[in-house]
1. Just how many % of Cα pairs in segment 233-364 lie over 20 Å apart, if you round to the nearest whole percent?
2. For a quick check of your reading of the filter: which trypsin sites (Lys or Arg not before Pro) in segment 56-129 sit in a DSSP loop and have no more than 15 other Cβ atoms within 10 Å?
3. Considering only DSSP states other than H, G, I, E and B, which chymotrypsin sites (Phe, Trp or Tyr not before Pro) in segment 75-121 qualify as loop sites with at most 13 other Cβ atoms within 10 Å?
4. Roughly how far apart, in whole Å, are the Cα centres of segment 312-364 and segment 169-216?
5. Please quote Rg/Rh for segment 185-272 to two decimal places, taking the Kirkwood radius as Rh and restricting both calculations to Cα atoms.
6. What's the local net charge at ALA217, with K and R +1, D and E -1, over the other residues with C-beta under 15 Å away?
7. For segment 273-327, what value does the Rg/Rh ratio take when both radii are computed over Cα atoms and Rh is the Kirkwood radius, given to two decimals?
8. For segment 277-364, what is the relative contact order in percent, using Cα pairs closer than 8 Å and at least 6 residues apart in sequence?
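Only the coordinates and a few stated rules stand behind these numbers; no lab work does. Values in this document were obtained by computation on a predicted structure and should not be read as measured data. Ideal geometry is used to build each Cβ from the backbone, glycine not excepted, and the neighbour counts take in all protein chains shown.
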Amino acid sequence: MHCLFISLLSLVSIFTTQVLDLFPKMLNKLKSTVKVEEKALANMEIDEVSILDLPELALEIVLEKLPPDSLTNLACVCTSLRERCTSNYLWERHMKEKWSSILGESATKEWELHIKHLMDTKEKNSKEKNWMVSLACAWPISWIRSLIECGGDNKLVNRNLHQPEMNSIMSFYGALESGKFWFPAQVFNRENGHVGFVLSCYDAHLSYDRHTNTFFARYPPHGTKPVKTEDGVKWDRVRAPLVSTPSHDLHISDCLKDLRPGDHFEIQWRKNKEFPYGWWYGVVGHFETCNQTEHFCRCHEDDIVVLEFKQYSRGSRWRQMVIRRKDHREKGNATDGFYGGIRKLKTDDEIKMWRRFWPVEVLE
């Protein structure tokens, strides 16, 4: 029985591969001959095989292997394919593969609020122009054009057939791709690697540019200064916020009693109390009187913790800071800035991400 099952899976795999090879030809002919009516689809054949004639398992495997733009185009064909191609099951994988590394809870919450606003607007006014505004907020223009033209005569055909559910994963994906939806994230070395921000990470709102595969960043204002913006931000400089603390609020540290020499951390810092915090990378150090021998070091037993920022030269006022474990809140002054909450880095991946931005030369 086990061998039979494996043989069946092999046959399905071979058949699926052949279907995928034929898929572009099948899709082109579908779009050129079908008037988005299921009765027309029943009379159509492509090399004597319609995509809906495939066994359910084979069709499911085909759809799982399609990229987002192909799924979007195929959803124009008929109601049956629309239901399959817009399912959350298919789009969860695409969302995870492309966006999960930079989307946090805050981005999801903002999307939910955005959808709630659109639904409330739609409920108050169901006119066509409001529906188009809602769609434009969630879909790239090229995708909307594809939906409009899929009837073959440049007219909107059966709008309800093509309109995605606003609260679907497909709509969320389309909103991110379009760049219309700005989402909260964090950017390393803001302002294109400005020397004053080396080995830091700041909150920002991002908009995606599909043409350059980069982001446009909008940073919170610094006091009375205007909002800073930056374009061309690459993926490797972006991460999802690791804590839910807003950028102007002090993060409550929960790792102070566990910090030991050699531990990697990131700490909030801001120039003055009108500015938002950024996160800065450092390593827990030893006291000058410690011989730094593993079995004799007692630095971790002291209430004082030495924080080192080795990207700065010895003697620099930014090289070292000390805090107290028991009552640390915010510490600093108008000259050196203010140090806030601390977060211990828990994984090698987190440490490697910071070390990627280590400066070529030691900072003064």
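1. Working: 4205 of 8646 pairs.
Roughly 49 percent, once rounded to a whole number.
2. Working: sites: LYS65, ARG82, ARG84, ARG93, LYS96, LYS98, LYS109, LYS116, LYS122, LYS124, LYS127, LYS129; in loops: LYS127.
Answer by residue number: LYS127.
3. Answer in residue order: no site qualifies.
4. For segment 312-364 versus segment 169-216, the Cα centre distance is 24 Å.
5. Details: Rg = 14.6 Å, Rh = 14.6 Å.
Rg divided by Rh gives 1.00.
6. Working: positive: ARG190, ARG218, LYS228, LYS234, ARG237, ARG239; negative: GLU191, ASP203, ASP209, GLU230, ASP231, ASP236.
Local charge sum for ALA217: 0.
7. Numbers: Rg = 13.3 Å, Rh = 12.9 Å.
With Rg and the Kirkwood Rh in hand, the quotient comes to 1.03.
8. Values: 85 pairs, mean separation 21.1, N = 88.
Relative contact order for segment 277-364 comes out at 24 percent.
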